[in-house]
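The structure under discussion appears below in the form of structure tokens.
The values are calculated or read from the model by the stated rules, or taken from the named source; none is laboratory data. These figures come from a predicted structure and were not determined experimentally. Cβ placement follows ideal geometry from the backbone for every residue including glycine, while neighbour counts extend to all protein chains displayed.
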Amino acid sequence: MSVLDEELIKVANLFGSEDAVAVVRSLKKIGEATDEIIANDLKTVKEVRLNSVRKILYKLYDHGLVSCTRVRDEKTGWFIFYWRLQPDQLDAFIRSRKKRALDKLKQRLDFERNHTFFVCKTDLDIRVTFEEGMESSFKCAKCANQLESSENAGMITVLEARVQKLEAELSR
């Protein structure tokens, strides 16, 4: 399996776990097929309902990872959709996901840099900003113990490293 195939399988996993992976593998094997052909092909490997195959194909289509050609059946007058993978769009999809993740990481980094935090030593799940601590007189909302100042330099360092890594990957 090529690196491109492995990436395609990872992305398919995001859209519907094992069923989406099975659909992508089937499409990769067949080339171009209708949803019914894909569902029938999957019966030998795994039972995936036609409705599930269609949902997965639509999700992949919405993200540009598959394309379809619509042909009218002369006998019934219904449209038949022929689906095929678009592996050339995989890089654009991954880049857009990384850009979104980078934006969220930058927002979180700004939040961490611009706030002072307080924690409860009894309940480690409690972490509040200075402003929230002021509202509660620096008392824990759960146990009423005194909140203590918390250093977030470690979190900032981790976030900075992740931001730098994603920026480097996106600059290639």
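Here's a check for you: in the range 37-80, which residue that is within 27 Å of D91 (Cα to Cα) and of a type in the set (D, E, K, R) is farthest from the chain's Cα centre (by Cα)?
Ranking the qualifying residues of the range 37-80, first place goes to R70.
How about the range 25-57: which of its residues are among the hydroxyl-bearing types (S, T, Y) and farther than 13 Å from Y82 by Cβ?
S26, T44, S52
Restricted to the range 5-24, and to residues that are among the β-branched types (V, I, T) and touching a residue at least 40 places away in the same chain (Cβ under 8 Å), which residue is farthest from F81 (Cα to Cα)?
V11
Among the residues of the range 98-109, is any closer than 30 Å to K29 by Cα, outside the structural domain of S26 (by TED's automatic domain parsing) and touching a helix residue (DSSP H, G or I) at 6+ places or on another chain (Cβ under 7 Å)?
yes
Search the range 110-136 for residues being touching a helix residue (DSSP H, G or I) at 6+ places or on another chain (Cβ under 8 Å) and farther than 20 Å from V163 by Cβ, and hand back the single one that is surrounded by the most Cβ atoms within 10 Å (Cβ to Cβ).
Once the filter is applied, the top-ranked residue is F118.
So which residues in the range 10-66 are buried (at least 20 other Cβ atoms within 10 Å of the Cβ) and in a loop (DSSP other than H, G, I, E, B), if there are any at all?
Correct list: V48, L65.
For residues that are in contact with an Asp or Glu (Cβ under 9 Å, 6 or more places away or on another chain) and loosely packed, with under 12 Cβ neighbours inside 10 Å, tally how many sit in the range 67-100.
3
Give me a count of the residues in the range 72-87 that are in contact with a strand residue (DSSP E or B) (Cβ under 8 Å, 6 or more places away or on another chain) and within 17 Å of L27 (Cβ to Cβ).
Count: 7.
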